[in-house]
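Note sheet for the following structure.
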Amino acid sequence: MTAIGTTAWVMDRCDDLTRHSARPDALERVYLSPEHAAANTAVRAWMLDAGLDTETDAAGNIWGRRSAAGAPQRPGTPGEPALVLGSHLDTVPDAGRYDGMLGVVLAIAVAHRLRGQALPFALEVVGFSDEEGTRFGKALLGSCAASGQWDEAWWDQSDADGVTLREAFARFGLPPDRVGDAARRPADLVGYLEAHIEQGPVLQDRDLPLAYVTTIAGARRFVLTVTGEARHAGGTPFDRRRDALVAAAHLVTRIEELARAAGCLATVGDIHVEPGAVNVIPGRAEVTLDLRGRTDADRDALWDRIAAAGREIADGRGVTIEHTETHRAPSTACAPRLSRAVAAGITKATTTSSDPLGLWSPAGHDGMAMAAVTDVGMLFVRCRDGISHHPDEHVDPEDVDLALDAYTAAVLALAEEAR
Ligand code: GLV
Ligand code: MN
Ligand code: MN
């Protein structure tokens, strides 16, 4: 095993985590799965090695903590507010190995680097259990629990196999009625600082390794259900058809046109057709929709236009289109206090004379939820070609080296300010 806290150790641990996957040929680790439990076990061991005491909370997030004096301490110990470092351990299907995991492993490495060093606050590291939301449709479940924003309405959301969130909790060994215990109190927190790959091409285009984040864009996610009529593919002339899939296809292309015109991002990432037979006209099509905008107002105005386009298509094709909103997160501004610390860390690590770059993040992050209970800040690390949510996701060890230095320096800058 490489020496803990080094760049090689960080890279190796990101590799290790790929073992905990639902599929032998690809990385997929969703909330409350056996792989989630296995990843938590691996991360717990690394946290212990870094001098942290550990605990899995009531929503399956894994936490580690040391006191201000530097001794291992039970996560959530009241009376000594903690700076929280971390990211998430769940993945999308056929994922890369750095989205989320890099931030958790870097946080453990930073804790190790500061091991035994007195700080004016306790230090906690968290591996959030669900940021992606790919299993139940609702994203940020782990950090919503940790920030006391659990909504009882989520319990009945189900996965592709019909397992509800409530059942999945019980199977994982978490009593659903205790989820409130995961909530952290603002008085116990100094801030939440996350390192994450950029998931876009800006740093590469600018030939820069690192940036701080200014704002995290808010997302809305929907399931759109188109209902037509399933009939014989041979016996039904076109003018008698109410084809749900063709209507959905029109809607999908309209969504892209409208999003482009609005300067927003819209993605239909999944489609399910029923009855799903080669010689039956589709009677029902369900598509997912993910919407993002630089501002919540832009994004919401786009949704209004998409809903209107849906009504028009439904009228024209004799189908109905219904929607369910599965996730909504407002955009989140990073706290200037934390962004300043991250920028100072970047300056120190990269020894450049120019000001560090600040970027807005179209991708969602756990900080969006944590902002309800504490200030949040983020450090972005360049990823090759901006590729993410794909197995080709890649970070250069040289950039990770700089990220480790910048992250550590950012924590020390906050410590300096707090003294
Ligand atoms: C998370 O990666 C998201 O932005 O969907
Ligand atoms: Mn992701
Ligand atoms: Mn992520």
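The values are calculated or read from the model by the stated rules, or taken from the named source; none is laboratory data. Just so it is clear, the model here is predicted, and its values are computed rather than measured. Cβ sites come from the backbone with ideal geometry, for glycine too, and all protein chains shown count toward neighbours. In case anyone asks, the SASA skips ligands and DNA or RNA and just uses the protein heavy atoms, side chains included. Shrake-Rupley method; radii C 1.70, N 1.55, O 1.52, S 1.80 Å.
Couple of notes before you dig in:
- Any hit, the stretch 387-395, residues being over 22 Å from Glu28 (Cα atoms), open to solvent by less than 30 Å² (accessible area, probe 1.4 Å) and under 21 Å from the mean Cα position of the chain (by Cα): no
- Qualifying positions in the stretch 148-168 - of a type in the set (S, T, N, Q) and touching a Phe, Trp or Tyr at 6+ places or on another chain (Cβ under 9 Å): Gln157, Ser158, Thr164
- Residue check, Ser353 within 16 Å of ligand 1 (Cβ to nearest atom) and either touching a residue at least 40 places away in the same chain (Cβ under 8 Å) or surrounded by fewer than 19 Cβ atoms within 10 Å (Cβ to Cβ) (or both): no
- One residue from Leu210, Leu224 being under 30 Å from Ala111 (Cβ atoms) and away from ligand 2 (no atom under 16 Å from the Cβ): Leu210
- Picking from residues in the stretch 203-221 that are over 22 Å from Leu85 (Cα atoms) and crowded, with 20+ Cβ neighbours inside 10 Å, the one that is modelled with the lowest pLDDT is Ala219.
- Members of the stretch 215-273 found to be without any contact (Cβ under 8 Å) to a residue 12 or more places away in the chain and among the β-branched types (Val, Ile, Thr), listed by number: Thr253
- For the stretch 180-197, taking the residues that are open to solvent by less than 10 Å² (accessible area, probe 1.4 Å) and of a type outside the set (Ser, Thr, Tyr), the one that is nearest to ligand 3 (Cβ to nearest atom) is identified as His196.
- For Arg305, the conditions (1) surrounded by fewer than 21 Cβ atoms within 10 Å (Cβ to Cβ); (2) in contact with a Gly (Cβ under 6 Å, 6 or more places away or on another chain) are fulfilled apart from (2).
- Comparison of Ala59, Ala26, Ala95 shows that the only residue that is under 20 Å from the mean Cα position of the chain (by Cα), in a loop (DSSP other than H, G, I, E, B), small (Gly, Ala, Ser) and surrounded by fewer than 21 Cβ atoms within 10 Å (Cβ to Cβ) is Ala26.
- Annotation note: Cβ proximity below 7 Å between a residue of the stretch 8-29 that is within 21 Å of Asp401 (Cα to Cα) and a residue that is surrounded by fewer than 17 Cβ atoms within 10 Å (Cβ to Cβ) and among the polar types (S, T, N, Q) (sequence gap 6+ or interchain) occurs for Ala8/Thr2; Trp9/Thr2; Asp12/Thr2.
- The residues on offer are Leu224, Leu251, and the sole one that is over 21 Å from the mean Cα position of the chain (by Cα), under 19 Å from Gly137 (Cα atoms) and open to solvent by less than 60 Å² (accessible area, probe 1.4 Å) is Leu224.
- Residues of the stretch 98-123 that turn out to be polar (S, T, N, Q) and surrounded by 24 or more Cβ atoms within 10 Å (Cβ to Cβ), as a count: 0
- In this structure, Gly200 qualifies as part of a loop (DSSP other than H, G, I, E, B) and open to solvent by less than 40 Å² (accessible area, probe 1.4 Å).
- Restricted to the stretch 67-92, and to residues there that are closer than 30 Å to Arg23 by Cβ and out of contact with any strand residue (DSSP E or B) (no Cβ under 7 Å at 6 or more places or on another chain), the residue that is surrounded by the fewest Cβ atoms within 10 Å (Cβ to Cβ) is Val92.
- A count restricted to the stretch 230-240 and to residues that are open to solvent by 60 Å² or more (accessible area, probe 1.4 Å) and touching a helix residue (DSSP H, G or I) at 6+ places or on another chain (Cβ under 9 Å) stands at 1.
- Of the listed requirements (1) within 16 Å of ligand 2 (Cβ to nearest atom); (2) touching a strand residue (DSSP E or B) at 6+ places or on another chain (Cβ under 6 Å), Arg135 misses just one: (2).
- From Leu114, Leu102, residue being more than 16 Å from ligand 2 (Cβ to nearest atom) and either closer than 19 Å to Trp46 by Cβ or modelled with pLDDT of 95 or more (or both): Leu114
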